[in-house]
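Colleague: I'd like to ask some things about the structure below.
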Amino acid sequence: MSRPEKPAAAVLADAARAVAAVLGGQSADAALAPFESSPRRAAVRAVALGTVRWYLRLQAAVDSLLARPRALGRDVHALLVTAAHQIEYSRNAPQQTVHAAVDAARMLRHGHASGLVNAVLRKFVAQRESLLARIDRDPARRSAHPRWLLEALQSAWPQHAAAMLEANNAHPPLTLRLNPLRRSAERYLEDLAAAGLAGRRFEEAGGAAGPTAIQVEPPVPVAALPGFAEGWVSVQDTAAQLAAPLLDAAPGMRVLDACAAPGSKTAHILERTPGLELWALDIDPVRLERIAETLARLGLSAHLAAADARHPQAFWDGRPFERILVDAPCSGTGVIRRHPDIKLLRRAEDIAPLAATQLELVRAAFRMLAPGGRLLYSTCSVLPQENEAVLARFLEGEPLARFRPLETAQLPPEAVTGPHGAQLLGGGAADTDGFYYACVEKTTSGI
């Protein structure tokens, strides 16, 4: 007879597998993909992401209890840190987690390590208060951030860094973007109430995103959202919802979304301004399929092309665009609360190459901009090297570009305005992700 499965141990084992995959270089989304159809999906996701969020703090504690932490296999080490997360941050009885971890070691086919798992976790339970107090003397460990990022935030935002670190470790809200072509805000709030959910609008706190941004409590899977399949709403953070109103396209314009996947901003532009000729590009054909799926769900259409916006000759027909959005690939340091794996996967040496790519994208996109047209640059980064510095270098080398200040009324009150744009640091009254926006115009014909 097969032995009955132990649910707590199975969750720990699967979560440890996902954590180990992240440590091996996979994104959290990729690491969790094998468990999407599992009945334990929600629990595995919560435990794995929680562990990744606090990994750098818990790893230091666990490693201090091991004679040779580097000699331990990745799966077993991930299991120890995952169990330590449950002991420290869950409501489960610590001893139950220890027993579940021993069983999980066997499920991971590391039964030979079950004794070590038991001994290390018992020590962690007994010593965790003094152990973590010692670990927490190091600000990087205490905040579970890589040292390079901690120092970068403290250097760039000395008055805000502590709050930013705290916000990165908070659970993000579920924020929706209402599709006004399908549903009014008043009706949708009634729909949420009928489904047993509470909705909060962002009329004032969200700036330009206020009319379409709704935060839902408690967070639920998209399948549980009223009208999601029918295209009434999409999931999109309030900060990201600023892109379409700041771009300010008008009916009949030719618009380019240069780095469009997964299609949220593309869709928002079309929802806000029907009657556009909108082109959506992405370098990855697979990600381009996600844009098509998003638009189909919402009943929208655009010209889709798998292309690198840095090389217009590969796709552009020579007709200029009156509005261009360059939502550039970036470090993602503004969305760590949604993607805690960024803390483990991103490196300090990644920033300079990203900034170089961002500058290439802006320069190439500007060549396709019509005289008098507007280019909106955005990232989900909070690092000035990817934001203000990129715009400064672009403007220095492009005589036809003129900086266009963003209207303060369109931004949340906590936005920090700089010489070339506006930075949302995350959190605040609108409870946004970290985001950057800057706008330039073309003064005369350079085509």
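Throughout, read-outs are computed from the coordinates displayed, never taken from laboratory work. Nothing here was measured: the structure is a model prediction, and the numbers come from that model. Heads up, the Cβs are rebuilt from the backbone with ideal geometry, glycines too, and the neighbour counts pull from every protein chain shown.
Colleague: Find which of Leu131, Phe35, Val19 sits farthest along the positive direction of the dipole of region 7-144, computed with +1 on the beta-carbon of Lys and Arg, -1 on that of Asp and Glu, about the Cα centre.
Modeller: My answer, from the dipole projection, is Leu131.
Colleague: How many nm separate the modelled label positions at Glu396 and Ala33, each set 7 Å beyond the Cα in the direction of the Cβ?
Modeller: 4.0
Colleague: Kindly provide the helix-only [θ] at 222 nm of the chain, computed as the sum of -39,500 (n - 2.57) over DSSP H runs of four or more divided by all residues, to the nearest 500 deg cm²/dmol?
Modeller: Rounded to the nearest 500, it is -13000 deg cm²/dmol.
Colleague: In nanometres, what is the gap between the two model label sites at Gln154 and Glu129, each 7 Å from Cα along Cα-to-Cβ?
Modeller: 2.9
Colleague: Shifting gears a bit: Report, in whole Å, the centroid distance computed from the Cα atoms of region 184-201 and region 343-419.
Modeller: Region 184-201 and region 343-419 have Cα centres spaced 36 Å from each other.
Colleague: So how tilted is helix 94-107 from the main axis of the chain? Cα-based, degrees 0 to 90, rounded to 10.
Modeller: The helix 94-107 is inclined about 80 degrees to the chain.
Colleague: For the chain, what is the percent of antiparallel DSSP beta bridges, rounded to the nearest 5?
Modeller: On the way: 27 of 44 bridges.
Beta bridges within the chain, antiparallel portion: roughly 60 percent.
Colleague: Between helix 114-135 and the chain, what is the angle of the helix's C-alpha long axis to the longest principal axis, kept within 0 to 90° and rounded to the nearest 10?
Modeller: So the inclination is approximately 60 degrees.
Colleague: Measure off 7 Å from each Cα along the Cα-to-Cβ vector at Arg91 and Arg147, then give the distance between these two points in nanometres to one decimal.
Modeller: Result: 3.9 nm between the two label points.
Colleague: Per the Kirkwood definition applied to all pairs of different Cα atoms, how many angstroms is the hydrodynamic radius of region 7-144?
Modeller: Values: mean 1/r = 0.0683 Å⁻¹.
About 14.6 Å for region 7-144.
Colleague: Something else: How big is the dipole moment of the chain about its Cα centre under a simple scheme where the beta carbon of each Lys and Arg is +1, that of each Asp and Glu is -1, and everything else is neutral? Debye, nearest 20, please.
Modeller: In total the dipole reaches around 1460 debye.
Colleague: Along the charge dipole of the chain, which of Ala113, Ser301, Ala240 sits closest to the positive end, that is, farthest toward it, with unit charges on the beta carbon of Lys, Arg, Asp and Glu (+1, +1, -1, -1)?
Modeller: Ala113
Colleague: OK, next. Expressed as a whole number of Å, what is the distance separating the alpha-carbon centroids of region 113-131 and region 25-44?
Modeller: Their Cα centres are 27 Å away from one another.
Colleague: For the charge dipole of the chain, defined by +1 on Lys and Arg C-beta atoms and -1 on Asp and Glu C-beta atoms about the Cα centroid, which residue among Ala61, Ala185, Cys259 has the Cα displaced farthest towards the positive pole?
Modeller: So the residue we want is Ala61.
Colleague: In degrees between 0 and 90, to the nearest 10, how far off the longest principal axis of the chain does helix 351-367 point, with axes built from Cα atoms?
Modeller: It works out to around 20 degrees.
Colleague: Computed over the Cα atoms, what is the radius of gyration of the chain divided by 2.2 N^0.38 Å, N being its residue count? Please report the intermediate quantities before stating the final value.
Modeller: On the way: Rg = 23.6 Å, N = 447, 2.2 N^0.38 = 22.4 Å.
Scaled against compact globular proteins, the figure is 1.06.
Colleague: Tell me whether region 240-442 comes out rounded, prolate or oblate; compute the Cα gyration tensor, take square roots of the eigenvalues as a ≥ b ≥ c, and use a/c under 1.5 as the rounded threshold.
Modeller: Values: a/c = 1.29, a/b = 1.18, b/c = 1.09.
Rounded is the answer for region 240-442, as its axis ratio a/c remains below 1.5.
Colleague: Taking R0 as 22 Å, what's the FRET efficiency between Ala195 and Ala42 from their Cβ-Cβ distance, rounded to 0.05? Mind showing how you got there, number by number?
Modeller: Values: r = 18 Å, r/R0 = 0.81.
With R0 = 22 Å, the Cβ-Cβ based efficiency is 0.80.
Colleague: What is the distance in Å between the Cα centroid of region 295-325 and that of region 65-94?
Modeller: So the separation of the two Cα centres works out to 47 Å.
Colleague: Okay, next question. Determine the equivalent ellipsoid of region 192-278 by diagonalising the alpha-carbon gyration tensor, then write out the semi-axes as square roots of 5 times the eigenvalues, largest first, rounded to whole Å. Write out the running numbers ahead of the final one.
Modeller: On the way: eigenvalues 130, 43, 24 Å².
Ellipsoid semi-axes (Å, largest first): 25, 15, 11.
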